[in-house]
Amino acid sequence: MKKLIVIGFDGTIADTSPGILYCMNTTAIAMGYTPVPNEALHNIIGVSLEQGFMDLYGMKPDEIEYAMNNYSKLYSMKGEEMILLYDGIDEALKNLKDDGYSLAIVTQKNQKFIHNILGVYKNIGEHFDTVCASDVDIELEKSDMLRKVCAELGIMEQDSIFVGDSYVDALAAQEVGMDFAAALYGLGFRSEDETKQYQNCRACLKNAGEIYTKLSKL
């Protein structure tokens with residue numbers, strides 16, 4: 001039995017794509033770039049927002065600071081309102097806590113945004129023992145974040161599993177010796193076949209409810 005279940009936020013707990021795309025496109029248009037369609041987000045799943053701006057719009061490195069500042073303002077005003085929690089996530093998290101699991105969020109979303117969101121969705125935030133998010137002053141890879149939450153909670157990586165929706169998540173878990181569960185309902189992985197190359201993938205989840213029904217059996 002696992003002791004700690006670490007869960008990503010975007011594409012795992014909530015569909016954040018409408019707000020992300022709105023804020024990225026609005027920022028890009030203001031800077032003279034052409035907006036991209038929703039499906040383009042699939043190409044930047046798991047990468048930093050800075051890299052996403054460069055990959056999607058071809059922005060230059062010296063434009064990123066302005067883009068990030070503009071995005072942050074837009075996301076605070078509009079993006080957070082466009083978040084859609086996945087059906088069954090609240091019940092799954094409650095059941096895991098009732099069964100004695102420790103829960104953590106690891107996300108590359110800015111810590112200001114994630115704490116604001118969890119402050120609004122208190123029924124979700126109250127289930128988690130710790131949250132590790134990105135910080136403008138400290139650069140952490142996702143693998144570093146996984147190690148950090150394990151150290152904070154005093155639980156070994158081998159006794160934990162990371163639930164994510166992208167190859168970046170799978171590789172981060174693999175790097176630290178942690179098992180992985182692929183959220184096929186999220187923004188990244190489209191099918192079980194895409195996960196077969198990752199030897200640490202112990203489960204494929206078709207909906208958020210399976211975070212409990214499948215992982216509680218490992």
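Numbers below:
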{"quantity": "Whole-Hz couplings from phi, Karplus 6.51/-1.76/1.60, listed for region 201-218; x for Gly and Pro", "calculated": "6, 9, 7, 10, 9, 8, 7, 5, x, 6, 4, 8, 5, 8, 6, 6, 9, 6"}
{"quantity": "Separation in nanometres of the label points that stand 7 Å from Cα toward Cβ, at ALA30 and ALA151", "calculated": "3.7"}
{"quantity": "Region 15-98: trypsin sites (Lys or Arg not before Pro) in DSSP loop, at most 16 other beta carbons within 10 Å", "calculated": "LYS78"}
{"quantity": "Whole-Hz couplings from phi, Karplus 6.51/-1.76/1.60, listed for region 21-36; x for Gly and Pro", "calculated": "5, 4, 6, 5, 5, 4, 5, 5, 4, 5, 9, x, 9, 7, x, 10"}
{"quantity": "Answer label, with semi-axes √(5λ) of the Cα gyration tensor in Å calculated from the coordinates and candidates (i) 29, 18, 17; (ii) 35, 19, 17; (iii) 24, 21, 18", "calculated": "(i)"}
{"quantity": "Trypsin sites (Lys or Arg not before Pro) within region 108-190: DSSP coil, no more than 14 neighbouring Cβ in 10 Å", "calculated": "ARG190"}
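Read-outs: derived from the displayed coordinates by stated rules, not from any lab. If you're wondering where the values come from, they're calculated on a predicted model, not measured in any experiment. Please note: Cβ atoms are built from the backbone with ideal geometry, for glycine as well, and neighbour counts cover all protein chains shown.
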